[in-house]
Structures are given as structure tokens and as C-alpha cells.
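The values are calculated or read from the model by the stated rules, or taken from the named source; none is laboratory data. From a predicted model like this one, the values you see are computed outputs, not experimental measurements. Positions of Cβ are generated from backbone atoms using ideal geometry, with glycine treated the same way; all protein chains shown enter the neighbour counts.
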């Protein structure tokens, strides 16, 4: 039996940059994505399902030549608008990891690149900002070109300790960029619209931001709401947003904290933490299976936030495998390796180096990434050559 490696590729968004979005570095241009899908077909790669990968790793079941798994994190609307039509065009299959809190609850089916190809709508008029609806996911699943798996429920960050690391203030003040999760946690029912609605604008100025971690990765810290109220009131009485323009504002707020006295705060207990994890991954699975009528057997940890406890709970919940590794050269998703642990690799766009972000890459770079995943020395040298090309192109022409 040929013990071939199976690259599992991680994508996020496909399409144009989203105005003001904090995570625009996750966006791959449509043409780059299509070039990659065309090259996969030309070179004989076959995009397989996660079940096929699992059965190969666990039981040695055969796979086609040059197998690959294509995955998309988070469930962005542009996966429907751009990625889905391109995947259909080249006959590929892919996985979307859905965090159910972000699903667009409206019964909507928006126009796609196929409508552009038919000449019924200009590409510039496509709606690309937001998240998938259940109706759009149903169409993709029924086509056979997509499967939907779990990315848990909240995909957020929570306070994880009593140390105050910052204070919420107006956007742009001394370069401040609000954490999106401040608004998500305040209005979880509106998370699906956060790319267009500034949910953080409803967070009172002066709200303390404590040390925080990904929601599944650590026990949660529950702040003293009375201290939060004291800080918010202090800012409001001291000029509101203009308070943060004066020198020493941070020291003033820290002095309020220091003079507050004993805090009535607490950490989540270990039992509460474990129960929260169980609920997160169970509710996500339940919602997907109910809405789409499909089986959910695989879990991608949001933001990679995971630990030994989350692994155990996922196994107890019946998930066959989770995305446990990233670009681990020792793990190639082969027969004989632990089938419960999926190792993923990047898609090449964007490629980042010392503050430089390159979105436009050659399809050869993508193929080199796949070769590098399997340890090809020639692929590594090709990657190095192309990276040098991108750096020189940037500094000579200013293009990415």
C-alpha cells in the first residue's frame, strides 16, 4: 500500500478586500483561487472528503492519486459568492468549518459569480461582506461540492485573568483598533453582521479589557461589574471620548482601579469550563445537523484554541477527528498516524514576511506548498525562489 501524504489546505475568505476589516490579510483574490483550482485539475489532484481521509488514516482505505482536502474556516459569505462557483467549475470538493453563532439567520440566497458569468449582474454589484445563510449552505451541500463541519459555536475571545491590559475607547485614538469580540460578546445575536455594523460602538468607553484568550482554550474570568461601572462613569464624567486625548489618561484609570478596593470577581471553575466546552461543540453540531440534514463528525478548533481537556471532550462527544496540527512536518495525514489528528497547511495567499503581505501568487507556489507538505526538497527550493521573486516585485513595483 502506498503510504501517501494528504495535504489539508486552509483557506478563509476569497474575493475583494473588505473595507476596514481587521482580518483582510485572510482574503485571497478570486483570480489566485481560480488559478489554484485550475492547476489542481490540470495536475491530476483529487479533492476528497474528510471521511475519506479519516478512513484512509484509520483503516488504510485506498485514495485516488494525488489526494487533497480543501477547507475554509469561518463560513464567510464570499465562500458562496466566489469559491463555490469556481469549485463547481473545476469539479472540486471542499469543507467549510461553521461557527454557528455567525450564520446569517435570514432566509436569503445571494447572487454569485455564476450570475456574473451569465451576464445578469456586474461583479462589482455582488454582495460579498458577511456570513453564509443556511439556505446558501443547503444548496452547496446538495451540489456535492461542499460539506459543512463544526467550528464550534462562539469563535470568540473571553477574559482569562484579572490583569487589565487596555481600556475601550474611540476607534483610532492613539492607534486603537477595537477588538471585534467586545461587540460580539455584548450582542451575540448580531455577530453575523459585525463586518458592516460596528458592534463595538455600543461598548461604553472606559470598559476594561482584561487578559484574554480564545474561548475554548482557557477558563473564563468573570470581572467585577461594579468596577467596570466605576471606570465607565469616570470616563463619562471626564469628557467621554475626549478624555482619551489628554496626557496620562491610562494612569488615571489605573488609579481608579487601584482605589476601588477588593474586587468581587471570580474564575470559572474547572467543572464550569468543561461543561461550557461540551455545550459549545454539541450545540454547533446539533444546529448544523438540524438545518442541513447532514452528519457532523469533524471539528476545527476556532483560532487553533485547544488543549488536552478540549481534545478529551471532543472525543467523548463522538467527533472522529479535529484539526490538531498546523504545518507539522512530522505529520502528513498518512495511514498509521493517529486518525483523530488532522494536520493542515496554508494556501499560499496571503504570504507574509517581515510585515510584507503578498496576496497575488503563482499557482506554482501553491503546488510547491503541497510538495513541501510531503517533504519534497525541490519544492522547498522552488518556494524559496518564488518568495524572493515576490519580495523583489514588491520593492520594485510596489505590487503585492
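Listed here are the residues, each with its yes/no results for (1) crowded, with 20+ Cβ neighbours inside 10 Å; (2) assigned to a strand (DSSP E or B); (3) touching a residue at least 12 places away in the same chain (Cβ under 8 Å); (4) touching a helix residue (DSSP H, G or I) at 6+ places or on another chain (Cβ under 7 Å).
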residue: 4; (1), (2), (3), (4): no, no, yes, no
residue: 17; (1), (2), (3), (4): no, no, no, yes
residue: 22; (1), (2), (3), (4): no, no, yes, yes
residue: 33; (1), (2), (3), (4): yes, no, yes, yes
residue: 36; (1), (2), (3), (4): yes, no, yes, yes
residue: 41; (1), (2), (3), (4): no, no, yes, yes
residue: 51; (1), (2), (3), (4): no, no, yes, no
residue: 57; (1), (2), (3), (4): yes, no, yes, no
residue: 63; (1), (2), (3), (4): no, no, yes, yes
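Evaluated against (1) crowded, with 21+ Cβ neighbours inside 10 Å; (2) under 19 Å from the mean Cα position of the chain (by Cα); (3) over 16 Å from residue 27 (Cα atoms), residue 327 falls short on exactly one condition, (1). Among the numbered conditions (1) within 30 Å of residue 166 (Cβ to Cβ); (2) touching a helix residue (DSSP H, G or I) at 6+ places or on another chain (Cβ under 9 Å); (3) buried (at least 18 other Cβ atoms within 10 Å of the Cβ), the only one that residue 300 does not meet is (2).
Scanning region 269-278 turns up one or more residues that are more than 22 Å from residue 188 (Cβ to Cβ), assigned to a helix (DSSP H, G or I), touching a helix residue (DSSP H, G or I) at 6+ places or on another chain (Cβ under 9 Å) and modelled with pLDDT of 95 or more. Counting only helices (runs of 4 or more DSSP H) wholly contained in region 291-400, the ones carrying 1 or more residues that are under 30 Å from residue 277 (Cα atoms) and touching a residue at least 24 places away in the same chain (Cβ under 8 Å) occupy 308-316. Here the condition is being out of contact with any helix residue (DSSP H, G or I) (no Cβ under 7 Å at 6 or more places or on another chain), modelled with pLDDT of 95 or more and under 28 Å from residue 308 (Cβ atoms); of 217, 236, it holds for 217 alone. Filtering region 244-268 to residues that are assigned to a helix (DSSP H, G or I), without any contact (Cβ under 8 Å) to a residue 60 or more places away in the chain and in contact with a helix residue (DSSP H, G or I) (Cβ under 7 Å, 6 or more places away or on another chain) leaves 249, 256.
A single member of 109, 116, 103 is more than 22 Å from the chain's Cα centre (by Cα), modelled with pLDDT of 95 or more and under 21 Å from residue 195 (Cβ atoms), and it is 109. Taken as a whole, the condition of being crowded, with 16+ Cβ neighbours inside 10 Å, in contact with a helix residue (DSSP H, G or I) (Cβ under 9 Å, 6 or more places away or on another chain) and assigned by TED's automatic domain parsing to the domain that holds residue 316 does not apply to residue 361.
In the condition set (1) free of Cβ contacts under 8 Å to residues at least 40 places away in the same chain; (2) under 21 Å from residue 185 (Cα atoms); (3) not assigned by TED's automatic domain parsing to the domain that holds residue 178, residue 286 is compliant with all but (2). For region 191-234, a residue qualifies if it is part of a loop (DSSP other than H, G, I, E, B), over 26 Å from the mean Cα position of the chain (by Cα) and free of Cβ contacts under 8 Å to residues at least 12 places away in the same chain, but none of them does. Scanning region 173-190 for residues that are touching a residue at least 60 places away in the same chain (Cβ under 8 Å), part of a helix (DSSP H, G or I) and surrounded by fewer than 19 Cβ atoms within 10 Å (Cβ to Cβ) yields 173, 174, 188.
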